[in-house]
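We did not get these values from a lab; they are worked out from the coordinates using the rules stated. As the structure is a prediction and not an experimental result, all values here were calculated from the model. Every residue, glycine among them, receives a Cβ derived from its backbone with ideal geometry; neighbour counts consider all protein chains shown.
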Amino acid sequence: KQEVTQIPAALSVPEGENLVLNCSFTDSAIYNLQWFRQDPGKGLTSLLLIQSSQREQTSGRLNASLDKSSGRSTLYIAASQPGDSATYLCAADSGGGADGLTFGKGTHLIIQP
Amino acid sequence: EADIYQTPRYLVIGTGKKITLECSQTMGHDKMYWYQQDPGMELHLIHYSYGVNSTEKGDLSSESTVSRIRTEHFPLTLESARPSHTSQYLCASSAYATNEKLFFGSGTQLSVL
């Protein structure tokens, strides 16, 4: 059964710093890996989706990479801003129907002004 | 901007009441999902649907039921609410093809007294 782990569970950094969030998964047979953002008491917003054949995806200041062989994905945030404060979740899609999507518990990120 | 809506946003009810959580999307997505999320924890899939008249249970045992009579509408019903049902319920949808992003509603925060 797929397991997804996110480290660290919480992170607090000063504004302007570049930072990396980590996501690891136990079963490398995935279709894709998605990164989401969740604001307090809200639903999730999809940030980036990396297909299994891709190595990375970029959107603005965000860059996500995928290394299937090692079971790892990273989300790089450049020049962090207070508005980036949120919980970031990753989810691995192992296929086989809707229950093939396994979520991590998330990294709670605080950007200090 | 995703067009998926959940109502009510917050609900406080007494034990034993029957409740229905509404979810609608205007994107024409075939796949729809219900997830349950407790604070600081990962999302757990409780129900999903691949289209009209198609519903399946997810990996988390749930006493709720769902229906999919129209493509855009996927309501979740609890026949007799209990305090153990207190949680955040998130509805999501995606297009049918593989490697499609998942879009979430804002969630319903349910408290059963």
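The set of residues in the stretch B:3-36 that are part of a strand (DSSP E or B), among the polar types (S, T, N, Q) and either more than 9 Å from every other protein chain (Cβ to nearest Cβ) or over 15 Å from the mean Cα position of the chain (by Cα) (or both) comprises B:T7, B:T20, B:S24, B:Q25, B:Q36. Can you pull out every residue in the stretch A:13-46 that is within 11 Å of another protein chain (Cβ to nearest Cβ), within 17 Å of A:K105 (Cβ to Cβ) and assigned to a strand (DSSP E or B)? Within the stretch A:13-46, A:L33, A:Q34, A:W35, A:F36, A:R37, A:Q38, A:L44 meet the criteria.
Within the stretch B:21-58, the residues that satisfy the criterion of being within 21 Å of B:Q88 (Cβ to Cβ) and exposed (fewer than 15 other Cβ atoms within 10 Å of the Cβ) are B:D38, B:P39, B:G40, B:M41.
Flag: B:F103 matches the condition of being surrounded by 15 or more Cβ atoms within 10 Å (Cβ to Cβ) and within 11 Å of another protein chain (Cβ to nearest Cβ). Taking the criterion of being within 14 Å of another protein chain (Cβ to nearest Cβ), surrounded by 16 or more Cβ atoms within 10 Å (Cβ to Cβ) and polar (S, T, N, Q), the residues of the stretch B:64-100 that qualify are B:S87, B:Q88, B:S93, B:S94, B:N99. Scanning the stretch B:73-83 turns up one or more residues that are part of a loop (DSSP other than H, G, I, E, B) and under 10 Å from the mean Cα position of the chain (by Cα). Within the set A:T87, A:T74, the sole residue that is surrounded by fewer than 20 Cβ atoms within 10 Å (Cβ to Cβ), part of a strand (DSSP E or B) and more than 8 Å from chain B (Cβ to nearest Cβ) turns out to be A:T74.
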